[in-house]
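One structure is given here, and the rest of the page talks about it.
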Amino acid sequence: MAQISFYLFENSTERQVESACRLCRKILNQHAHIWWYCIDSELQTELDEKLWSFDAQSFIPHGIDQPNSPVCISAELPPSNDWVLFNFNNHALEQTQNFRHIIEIIENNEPAKQIGREKFKAYRRLGIEPRTFKL
């Protein structure tokens, strides 16, 4: 069963793409492979560009549909369960047993919070108690 973590921005106006890059850098330091599951091609491009420019001191290796990269951005789910999966879609993932860790980042705006609440309830219906980190 996957571990599920929600990162809720309560006071910060930081966008999801920036927070994902910061969290990604931290997780990569722990030698994990990261999969950014994103079906929106415009958001894929934005995530790709943000990873290129995020940290001038250390490049975060990544690619769109490049599963051999430490960070893979894709509209497909990962081929194996050894990935930490960031879910950039508006629905909870049903196949939670296929993943080691699912990360949901919720921006500080009402539409994003509503989507986050629905995702949280969906994971609970699957019998999972997500961890919540308020930022």
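Would you check if S69 is touching a residue at least 60 places away in the same chain (Cβ under 8 Å) and either farther than 25 Å from K134 by Cβ or in a helix (DSSP H, G or I) (or both)? Considered against the rule, which asks whether it is touching a residue at least 60 places away in the same chain (Cβ under 8 Å) and either farther than 25 Å from K134 by Cβ or in a helix (DSSP H, G or I) (or both), S69 comes out as no.
Only residues in segment 9-32 that are farther than 21 Å from A112 by Cβ and open to solvent by less than 90 Å² (accessible area, probe 1.4 Å) count as the first member; pair them with residues that are part of a loop (DSSP other than H, G, I, E, B) and at pLDDT below 80, Cβ under 9 angstrom, at least 6 apart or cross-chain, and list the lot. Here the result reads R25/F54; R25/D55; R25/S58, each pair linking segment 9-32 to a residue that is part of a loop (DSSP other than H, G, I, E, B) and at pLDDT below 80.
Of the numbered criteria (1) open to solvent by 40 Å² or more (accessible area, probe 1.4 Å); (2) touching an Asp or Glu at 6+ places or on another chain (Cβ under 9 Å); (3) of a type outside the set (A, V, I, L, M), the one E49 fails is (2).
Against the conditions (1) in contact (Cβ under 8 Å) with a residue 12 or more places away in the chain; (2) assigned to a loop (DSSP other than H, G, I, E, B); (3) open to solvent by 70 Å² or more (accessible area, probe 1.4 Å), I60 satisfies every one except (3). If you go through segment 101-135 and keep only what is among the charged types (D, E, K, R) and either open to solvent by 70 Å² or more (accessible area, probe 1.4 Å) or in a helix (DSSP H, G or I) (or both), you end up with E110, K113, R117, E118, K119, K121, R124, R125, E129, R131, K134.
If you go through segment 43-64 one residue at a time, do you hit one that is of a type outside the set (A, V, I, L, M), under 16 Å from K26 (Cβ atoms) and touching a strand residue (DSSP E or B) at 6+ places or on another chain (Cβ under 6 Å)? Within segment 43-64, one or more residues are of a type outside the set (A, V, I, L, M), under 16 Å from K26 (Cβ atoms) and touching a strand residue (DSSP E or B) at 6+ places or on another chain (Cβ under 6 Å). Of all residues in segment 70-100, those satisfying the criterion of being surrounded by fewer than 18 Cβ atoms within 10 Å (Cβ to Cβ) and of a type in the set (A, V, I, L, M) are A75, L77.
When I39 is tested against the conditions (1) loosely packed, with under 11 Cβ neighbours inside 10 Å; (2) under 12 Å from F88 (Cβ atoms); (3) not basic (K, R), the lone failure is (1).
The values are calculated or read from the model by the stated rules, or taken from the named source; none is laboratory data. Just so it is clear, the model here is predicted, and its values are computed rather than measured. Glycine also receives a Cβ, built like all others from the backbone with ideal geometry; neighbour counts cover every protein chain displayed. To get the accessible areas, we keep the full protein, side chains included, count just its heavy atoms, and leave off ligands, DNA and RNA. Shrake-Rupley method; radii C 1.70, N 1.55, O 1.52, S 1.80 Å.
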